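Shown next, in structure tokens, is the structure this report addresses.
The values are calculated or read from the model by the stated rules, or taken from the named source; none is laboratory data. Nothing here was measured: the structure is a model prediction, and the numbers come from that model. Note that each Cβ is placed from the backbone with ideal geometry, even for glycine, and that neighbours are counted across all protein chains shown. Areas reflect the complete protein model, heavy atoms only, side chains present, ligands, DNA and RNA absent. Shrake-Rupley method; radii C 1.70, N 1.55, O 1.52, S 1.80 Å.
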Amino acid sequence: MIDDYIRATMTQNQIPGLSVAVVQEGEPVLVKGYGLANVEHSVPATEHTVYEIASVGKTFTATVTMMLVEEGVISLDEPIADYLDNPPQAWYPVRIKHILSHQSGIPSYTDAQNYWEITRLDLSKVEILALVTDFPLKFQPGEFSAYDNTGYYLLGLMLEKVTGQSYGDLLRDRIFAPLGMNATVMNHPRDIVPHRAAGYRWQHNQLVNKPYYSPSVTYSAGGQLSSVADMVRWEQALCSATLLRQSTLDQMWTAHLPKHGDDWEKLRYVAGLGWWVINYGDRRVVSHNGSILGFASNITRFIDDEITVIVFCNLDQITRPDAIAKEIAGYYCPTLAKLALQPPVEKHS
């Protein structure tokens, strides 16, 4: 039945290839690929197919940040400006916790008017941040919530300054290598990556290869490659609190309400720390979507039901990969199938 649902969904959305993992009570019960990882060479998608996962990678950035918090190296209440070279004056009130919970007020560089003009250019980090450094905050930190890629870009710079390692090396040493996530790396189109999927989009009713999208514009805001087989290892580490204490994970998976906003009961979702907390009544559910040219992704953790679903696909015009994940989860837990799907997180890339 799950195979039938996934194939029907792929047909309906004209998805070339898709890989899925379902982890129940810490054990994988479905790890499989469907369709084609590469259409031109007729390469099947498998559980080992490597996709660009975009903002799902923010969960890695947040995890390494919280590892340093546990170790006493940094504090959530510290200003991010303490770790930046020549930050604009407007950013001085922004704390690390504001960035993790999308409450910084810093404008997202992906919203800049000329953003799509520069995505094909390999720019420096200074040039990327220059898209927003001259703008005021959208609101005072902690007052409201707005999805923000700039803040997660800044976390990468902070992590490099604190540890003396490159962001990619830090993730490798602290997360990927210890967990055996050997296929999970920072993306660069020039690199030879075994099992790399090609990314696609539909244009004028024709499937085309995705255009070049520079890794300089993703970085710590979502610049990773991974496979669902690797993400099973990631999920198992979350289940067993391997990398972080359970109390820290609970803090990350708790809704952090801004000062000015509705009560939790009235909200559809609220940012935790590195995750989005989805309001499904008395159920604890955390999730993150990813969207980038040529690819869409999602990880959704139904914590109380002990079910996690990971969905990666090589088409960027899938606006709700989280909807696919929830539908799949319903096959393993009928109660989840009865829950109404919540609307998407705005600007969830």
In whole Hz, what ³J(HN,Hα) sequence does the range 282-293 give by Karplus (6.51, -1.76, 1.60; θ = phi - 60°), x for Gly and Pro?
8, 8, 8, 9, 10, 7, 8, 8, x, 8, 8, 3
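What FRET efficiency would be calculated for the residue pair residue 335, residue 89, taking the C-beta separation as r and a Förster radius of 51 Å, to the nearest 0.05?
Details: r = 51 Å, r/R0 = 1.00.
Plugging the Cβ-Cβ distance into 1/(1 + (r/R0)^6) gives 0.50.
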Computed over the range 98-173, protein heavy atoms only, probe 1.4 angstrom, the accessible area per residue in square angstrom equals 43 Å²
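How large is the helix-only mean residue ellipticity at 222 nm for the chain, computed as the sum of -39500 (n - 2.57) over DSSP H runs with n ≥ 4, divided by its residue count, in deg cm²/dmol to the nearest 500? Display every interim value, and only then the final one.
Values: 11 runs with 94 residues, N = 349.
After summing the helix terms and dividing by residue count, I get -7500 deg cm²/dmol.
Count neighbours as other Cβ atoms within 10 Å of each site's Cβ, and list the trypsin sites (Lys or Arg not before Pro) in the range 152-192 that are DSSP loop with at most 13 such neighbours. Write out the running numbers ahead of the final one.
Numbers: sites: 161, 172, 174, 190; in loops: 190.
Sparse-neighbourhood loop trypsin sites (Lys or Arg not before Pro): 190.
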Where a ≥ b ≥ c are root eigenvalues of the Cα gyration tensor, a/c under 1.5 meaning rounded, otherwise prolate if a/b exceeds b/c and oblate otherwise, the range 212-343 counts as rounded
The range 66-197 - percent relative contact order, Cα under 8 Å, separation 6 or more
25 percent
Protection proxy ranking, peptides 240-250, 29-39, 103-113, average beta carbon neighbours within 10 Å, highest first:
103-113, 29-39, 240-250
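Set the Förster distance to 45 Å, then compute FRET efficiency between residue 121 and residue 259 from the Cβ-Cβ distance, nearest 0.05.
Values: r = 38 Å, r/R0 = 0.85.
Calculated transfer efficiency: 0.75.
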Within the range 203-225, whose backbone N sits under 17 Å from a point 7 Å along Cα→Cβ of residue 163?
219-225
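Need one number: convex hull volume per residue for the chain, Cα atoms only, in Å³.
131 Å³
With an 8 Å Cα cut-off and a minimum separation of 6 or more residues, compute the relative contact order for the range 21-131 in percent.
Working: 73 pairs, mean separation 12.6, N = 111.
Value for the range 21-131: 11 percent.
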Computed FRET efficiency, Cβ-Cβ of residue 14 and residue 40, R0 25 Å: what is it to the nearest 0.05?
0.95
Restricting everything to alpha-carbon atoms, can you work out Rg to Rh for the range 267-349 with a Kirkwood hydrodynamic radius?
0.94
Which of the peptides 22-28, 288-294, 81-87 is most tightly packed, and how do the rest follow, going by the mean number of other Cβ atoms within 10 Å of each residue?
288-294, 22-28, 81-87
For the chain, the percent of accessible surface on carbon and sulfur atoms (probe 1.4 angstrom, ligands and nucleic acids excluded) is 49 percent
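Viscosity 1.002 mPa s, temperature 20 °C: what is the translational diffusion coefficient of the range 72-226 from Stokes-Einstein with a Kirkwood Rh over Cα pairs, rounded to a whole number of µm²/s? If you can, show how the numbers build up before the last one.
Values: Rh = 17.1 Å.
My calculation gives 126 µm²/s for D.
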What is the magnitude of the charge dipole of the chain about its Cα centre, with +1 placed on the Cβ of each Lys and Arg, -1 on the Cβ of each Asp and Glu, and no other charges, expressed in debye to the nearest 20?
440 debye
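List the relative contact order of the range 231-342 as a percent without decimals, with contacts defined as Cα pairs under 8 Å and 6+ residues apart. Numbers along the way, then the final one.
Numbers: 178 pairs, mean separation 17.4, N = 112.
Averaging sequence separation for qualifying contacts and normalising by length gives 16 percent for the range 231-342.
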Long-range tail of P(r) for the range 60-160 (Cα pairs > 17 Å, %)
49 percent
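If you filter the range 101-160 for trypsin sites (Lys or Arg not before Pro), then keep DSSP loop positions with at most 16 other Cβ within 10 Å, what is left?
Details: sites: 120, 125, 138; in loops: 120, 138.
Hits after loop and neighbour filter: 120, 138.
Can you check what the Kirkwood hydrodynamic radius comes to for the range 42-103, Cα pairs only, in Å to one decimal? Before the final figure, lay out the partial values.
Values: mean 1/r = 0.0710 Å⁻¹.
Kirkwood radius, the range 42-103: 14.1 Å.
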Reduced to Cα centres, the span from the range 52-109 to the range 156-207 in Å works out to 19 Å
Taking amide hydrogens as modeled 1.01 Å from N in the peptide plane, which residues meet the under 5 Å criterion relative to residue 47, leaving out close sequence neighbours?
33
